[in-house]
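Single-structure report; data block below.
The values are calculated or read from the model by the stated rules, or taken from the named source; none is laboratory data. Keep in mind the model is a prediction, meaning the values are calculated, not measured. Neighbour counts run over all protein chains shown; Cβ positions are idealised from the backbone, glycine included. In case anyone asks, the SASA skips ligands and DNA or RNA and just uses the protein heavy atoms, side chains included. Shrake-Rupley method; radii C 1.70, N 1.55, O 1.52, S 1.80 Å.
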Amino acid sequence: MAISVAGGLKTGKIVDVEKRLYQQLIVGKQKSNAMFDELDAELEASASKLDIEREAILARLQKQIDAKAIYEAISTQLTDTVCNAIEHQLSQPELVLKSATVDQAQLMLLEILQAKNLDLNRLRPMIAGQSWIAKDLLTMVNSPAFRAKRPQRADVKVTDIKLVLNFVGIESLKTIIPYYCLRHWLPSGHASLLWTKRKLWRYSVVSAIAVKALANLHRRNECLLYCVSLLSQLGTSVILGNSARLFEKTWGTWLREASGSRDKEVYDAIIATEFPAQAVLEQVLNRGSELNWQLLNLLDFKESKLSSLLTEIDQTMVFRELSEDAKLIAKASCYAKVMLLEEMRQIEPQEKRVMFDYYEFTEQELIRLKGQNYRKLELL
């Protein structure tokens, strides 16, 4: 005889069924076939419209999710391809040098500028051999600002490089030529590096102004320290330029292939992929300082004072073990970093004190450095 459960404790089965019903009533997607009165007709139409709209939104969101997945896959693959190419090239300084804008003639110019008795007759053919330097000098001498300095012949346009050098003078050339060289080495023509280039240029100029002030204070070879300070950005400039070139070449190839295949999702993913700045930053931090002297050595300037100072700065881990000249270059670089970080509000006063303590700044040095105009490097 079956035992009646009427009125007794609910069995587990009953509880499950009741839960299941509420599950369908509240969460389930099935539409009811139950009867309804006329008043519910408009409400059902609105609900159906909302369901359709919601389903359309979900479909769009799913497309966005799918598009994001495609973007992440394509972008990651493209970035990895570029980063591997950058890593391969930077691991071989000889390959880096082939695409760099620095050459023996430029370094020879910087080397000659260190001579105590500098002869313009020796300098002139070397400058003429670097057409971009000659062009920049001609432009400067014929500018309204420079013409104002020679009122007697202000209306005469100078075209002879010999006259240009005479107008400028040897002492000014010691500042101008390294300045033009750095500007030539910085990466150009890359939209992805526009702001990076400007910030690097500012940092380089501030460091150069600072090192000239310190060299003058301590009566060291101002031209030498100034040249080395500017050369210390050579490795960074080359890494940035090579990286941008490899990225743009790979990016352009992939874009043309995607356009040819008419795959809009892949095309859009490639378009949206940005220059791998973080990965390139790591390369600059790991290889930039080393490349400074490696490139000079490959150009047969291993024995020069320029290369020896760059090597010392890169390979000496303890500030106190640096030579006097290397210390001043490191101090100038430190001061420039702190000053620019202050402008960006990215450094705390305590951090600034720690930096100045480590680099052993004297009160006299800080006073001299604070008195400089860092907005513009005086070329003349």
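Accessible area ranking (1.4 Å probe, heavy atoms, ligands and nucleic acids excluded), largest first, for R147, R60: R60, R147. For the stretch 203-233 versus the stretch 293-347, the inter-centroid distance based on Cα atoms is 10 Å. With the simple spin-label model, which puts each label point 7 Å out from Cα in the Cβ direction, the S143 to K68 separation comes to 5.0 nm.
Summarising the label geometry, the points placed 7 Å from Cα in the beta-carbon direction at N121 and E290 lie 4.6 nm from one another. For the stretch 227-242, backbone phi angles converted through the Karplus equation (6.51, -1.76, 1.60; θ = phi - 60°) give residue-by-residue couplings of 4, 5, 4, 5, 5, 5, 9, 4, x, 4, 4, 5, 4, 4, x, 5 Hz, Gly and Pro being listed as x. Note on surface exposure: T362, T316, T273 rank T362, T316, T273 by accessible area, highest first, 1.4 Å probe. Per-residue accessible area (protein heavy atoms, 1.4 Å probe) orders H218, H88 as H88, H218, starting from the largest.
Cβ-Cβ distance of K305 and A105, R₀ of 22 Å, FRET efficiency by 1/(1 + (r/R0)^6): the value works out to about 0.75. Measuring only protein heavy atoms, the 1.4 Å probe finds L58 accessible over about 100 Å². Applying the Karplus relation 6.51 cos²θ - 1.76 cosθ + 1.60 with θ = phi - 60° to the stretch 244-255 yields 3J(HN,Hα) values of 5, 5, 5, 4, 5, 5, 5, 4, x, 5, 4, 5 Hz, where x marks Gly and Pro.
With the cut-off at 1.5 for a/c, could you classify the stretch 51-163 from its C-alpha gyration tensor as rounded, prolate or oblate? The shape class here is oblate.
Cα gyration tensor of the stretch 334-380, axes a ≥ b ≥ c as square roots of the eigenvalues: rounded (a/c below 1.5), prolate (a/b > b/c) or oblate? Oblate shape, in that a/c is at least 1.5 and b/c is the bigger or equal ratio. Probe 1.4 Å, all protein chains in place: accessible area of W201 in Å², nearest 10? The accessible area of W201 comes to roughly 60 Å². Starting from the 7 Å offset along Cα-to-Cβ, what nm value, one decimal, do you get for the label separation of L377 and A56? My value for the distance between the label points is 6.1 nm.
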